[in-house]
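Read through the structure below, which is laid out as structure tokens, and then see the notes.
The values are calculated or read from the model by the stated rules, or taken from the named source; none is laboratory data. Computed from a prediction, not measured in an experiment: that's the story for all the values here. Neighbour counts run over all protein chains shown; Cβ positions are idealised from the backbone, glycine included.
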Amino acid sequence: MAQLTSCIEMMDEGIGRVSQIIPEMPAPEARLCRLMLMVGTSLEEELEFKLKPHKLNHSEFLTLMILYSRPDGSSTPGELCEYATQGATNMTRIANALVKRGLITRGASTEDRRRVEIRITAAGKRFVQKMLPPMFPRVAVMFAGFSVADKRQLDRLLRKLARNLDQLNESIHP
């Protein structure tokens, strides 16, 4: 696979040519959208690379991390679908895989027997505590050369973009 920076150079050239043909194209915005998609794909590939030895995919990892980060270690399938941006069918597959490995349990809520509750197990917590720290050095390398202010600004700008996307989606799906 080509280096990300080479692909970005090619993308810049392509957007430059298209904007000459179609001058009204919002080239800076198109460049930013494509750049974020390319970087996002690369981040996803990096995460998948680190998860592969643990026999997890991104969706399973995210579901496990959502449960791990919850104060009581539990959630409902509907909440997990929303937070992990997964459909109900895929969330069932994810939960089945994590239950089979003993990392989570699924059962009736103690508060409302009609509600299904998914909970991280003690083994699931130990698994996260073991697998997560070795990932930290590669994350640090990704942000090498970023000052605290750079990271804060990137965070602020990405959240601003997220709010704009939410507004755009609300106008399409009120």
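Here are some notes:
- Matching option when the condition is touching a residue at least 12 places away in the same chain (Cβ under 8 Å) and closer than 26 Å to residue 46 by Cα, among 132, 98, 158, 154: 98
- Candidates are the residues of region 64-81 that are hydroxyl-bearing (Ser, Thr, Tyr) and surrounded by 15 or more Cβ atoms within 10 Å (Cβ to Cβ); the one that is farthest from residue 112 (Cα to Cα) is 68.
- Qualifying residues in region 122-145 (those that are aromatic (Phe, Trp, Tyr) and part of a helix (DSSP H, G or I)) - the one surrounded by the most Cβ atoms within 10 Å (Cβ to Cβ): 127
- Any hit, region 48-60, residues being at pLDDT below 95, surrounded by fewer than 12 Cβ atoms within 10 Å (Cβ to Cβ) and in a loop (DSSP other than H, G, I, E, B): yes
- Among (1) surrounded by 10 or more Cβ atoms within 10 Å (Cβ to Cβ); (2) in a helix (DSSP H, G or I); (3) modelled with pLDDT under 90 - the single one residue 154 does not satisfy: (3)
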